[in-house]
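First the structure, in the form of structure tokens, and then the observations on it.
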Amino acid sequence: MFHGEDNNSGELLISFLIGGIVGAGLALLFAPYSGRKLRGKIADMAEDAGDKASGYARQVRDKVL
């Protein structure tokens with residue numbers, strides 16, 4: 001479906017997303033927060049990750065189209 005540079009952009013996007021998710025998970029595991037604060041931070045991080053993923057997906061879509 002994708003050729004050359006377009007395919008590399010998709011792989012790079014996926015790599016960044018996976019790296020972000022792993023990094024966020026490790027940060028949460030080692031963070032010294034109470035349960036309520038931790039749940040709030042998880043919700044905030046999930047919202048931020050969703051916003052970033054949507055932005056990256058839009059950029060990739062615009063490049064492909």
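Things to note:
- Computed over the chain, the Cα gyration tensor eigenvalues convert (square root of 5λ each) into semi-axes of 31, 13, 5 Å, ordered from largest to smallest.
- Cross-link partners of K63 among lysines (Cα-Cα below 24 Å; sequence separation of 8 or more within a chain): K52
- Full-stretch length increase - S15, I42 - with 0.36 nm per residue and alpha-carbon distance subtracted: 7.6 nm
- Dipole size of the chain about its Cα centre, with +1 on Lys/Arg Cβ and -1 on Asp/Glu Cβ: approximately 400 debye, rounded to the nearest 20.
- Each label was represented as a point 7 Å from its Cα along the Cα-to-Cβ direction; for V60 and V22 these points are 1.7 nm apart.
Just so you know, all these numbers are worked out from the coordinates, no wet-lab data involved. Owing to the predicted nature of the structure, the values given are computational and were not obtained by experimental measurement. Positions of Cβ are generated from backbone atoms using ideal geometry, with glycine treated the same way; all protein chains shown enter the neighbour counts.
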